[in-house]
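For reference, the structure discussed in these notes is given below.
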C-alpha cells in the first residue's frame with residue numbers, strides 16, 4: 001500500500017509538518033493514533049471541517065486510528081485564530097447540542113466500529129480542572145513572550161486580546177498531552193491556522209513526558225486567487241441539508257472557477273489520481289463535465305448517493321432546457337400573501353433569493369432576473385397568483401441559480 005504521507009502530499013493537502021522525514025517514515029512503517037479537534041461553535045459542520053474529515057479518512061484507510069476530539073471545553077473559551085473579534089460566548093447546553101449534531105454528521109465519514117476510531121470530548125477533563133493546579137501543571141511551561149509571537153495572537157494585538165482567549169493555546173496543548181497519555185496519540189493534525197497551537201502541545205509533551213510528538217497542518221480551502229472558499233450568498237456552506245439543500249450544495253461545486261476544479265478534485269474527493277490526470281488534459285467547455293463530476297462526488301459523500309443523483313438530474317434538466325423541476329430547490333408562498341400582488345423585490349427577499357432590495361434592483365437593471373423564462377425589466381413588477389402554472393413559478397437569478405415557488 002502506498003504511504004499515506006505520499007498520498008496526502010501528491011493531492012496537495014499538506015501545508016506544514018514538524019518532522020517531515022520522520023513523519024513519513026512512521027506513517028509508512030507503523031499504525032499510529034492521531035487526532036483532530038473540532039470546536040462545536042455551531043449546530044452543523046461546514047465545508048472547512050469537511051477538509052479535516054477527508055484527511056482523517058485518508059489516514060484511516062491506511063490503517064491509522066483517528067481520534068475526533070470534540071471541544072466541549074475549549075468552545076467555552078473560543079479560539080481567537082483568524083478572528084478579528086472575540087467569538088460570542090455560548091452556553092454549555094448549546095455546546096452539547098452542537099456536539100451531538102457533529103457526532104451524527106461525522107459518523108457518515110469515519111468508521112467507529114471495533115475501535116477503528118474514537119470520539120472524545122475535552123469537556124470531560126477541562127471543565128474539571130482546578131485553575132491553580134492547571135497553571136502550575138501547564139502554564140509554567142509557556143512563556144508569554146513566545147506566545148505573543150504566534151500568528152493566532154499577533155493578529156489580535158491591535159484590537160485587543162482578552163485574557164480568556166489567551167488561555168486557548170494552553171488548553172489545546174493540554175488536550176494533546178492528555179490524549180498522548182491516555183490513548184498513545186502521537187500526532188495532531190489541523191488546519192494551517194492551527195500551527196502555533198499544535199507546536200504548543202508537542203512542546204508540552206516533550207517537557208512533561210520527555211517524549212517526541214508530531215504535528216501536521218493542511219491546506220485551507222481557498223481559490224486559486226487565495227480567497228477562502230465555503231461562503232455562499234446565504235452564508236457558510238453547511239453540511240446540514242436543512243441549512244444548505246443538497247441541490248444548492250451541488251451547485252456550489254458545479255460553479256467553481258475553471259482554474260480551481262482539478263485542484264479541488266485532488267483535495268476533496270477520493271478519485272484516483274490517474275483519473276484526475278485525464279481530466280487535467282481537458283479545457284474550455286469540456287471542464288463543465290469535470291465540474292459535474294466534482295459536484296457529484298462531494299455531494300455524494302456529504303448527502304448520500306440518492307441526493308447527489310437527484311441534484312445532478314435537476315441541474316441537467318434545468319441547464320438543458322428540460323421541464324423536470326421535481327428536484328429543483330423550492331419555497332412555498334401563501335396564496336393569501338399574493339392575492340393583491342406582491343412587489344417582486346419584496347418576494348425575492350422573503351424567499352431568501354436576495355439579501356436586500358438594493359441587490360434586487362441591480363439584478364433587474366443588469367437583466368439578471370427571469371420569471372417563467374421572461375426577463376424582469378421593472379422593479380415595480382407585481383407577482384400575482386395568475387403567474388403560477390399548475391401552482392408553480394420558476395425564478396432564475398443570474399445564469400445558474402434557480403428557485404421554484406409553490407403556491408400554498
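Worth a mention:
- Contact order relative to length of the range 162-287, as percent, for alpha carbon pairs under 8 angstrom and 6 or more apart: 16
- Computed from Cα atoms, the angle from the helix 92-106 axis to the main principal axis of the chain rounds to 80 degrees.
- For the options 91, 223, 74, a Gaussian network treatment of the chain with springs between C-alpha atoms closer than 10 Å singles out 91 as fluctuating the most.
- In percent, rounded to a whole number, the relative contact order of the range 231-319 is 38, using alpha-carbon pairs under 8 Å and six or more apart.
- Computed packing ranks the peptides 7-16, 361-370 as 7-16, 361-370, most packed first, by mean other Cβ atoms within 10 Å.
- Each pair of Cα atoms in the range 330-407 enters the Kirkwood radius, and Stokes-Einstein at 37 °C and 0.692 mPa s then converts it into a translational diffusion coefficient of 266 µm²/s.
- Exposure proxy order (Cβ contacts within 10 Å, fewest to most) of 178, 281: 281, 178
- Short-range pairs are left out: with C-alpha atoms under 8 Å and at least six residues apart, the relative contact order of the range 330-407 is 39 percent.
- 23 Å tail of the calculated P(r), the range 231-319, as % of Cα pairs: 20
- Rg/Rh for the range 256-307 stands at 0.96; both radii use Cα atoms, and Rh follows the Kirkwood definition.
- Which labelled figure in [x] 4, 22, 30, 24, 13, 5, 1, 0, 0; [y] 5, 19, 20, 13, 12, 12, 11, 8, 2, 0; [z] 4, 19, 27, 23, 15, 9, 3, 0 is P(r) over Cα pairs in 10 Å bins from 0, in percent, once derived from the coordinates: [z]
- The long axis of helix 20-29 is offset from the longest Cα principal axis of the chain by roughly 90 degrees.
- Computed from Cα atoms, the angle from the helix 287-303 axis to the main principal axis of the chain rounds to 60 degrees.
- Just so you know, the Rg over Rh for the range 4-218 is 0.94, from Cα atoms, with Rh as the Kirkwood radius.
- If both residues of a DSSP beta bridge must be in the chain, then about 50% of such bridges are antiparallel.
Quick note: the coordinates plus some simple rules give every number you see, no bench work behind them. Every value quoted in this text rests on a predicted model; they were computed, and no experiment measured them. Positions of Cβ are generated from backbone atoms using ideal geometry, with glycine treated the same way; all protein chains shown enter the neighbour counts.
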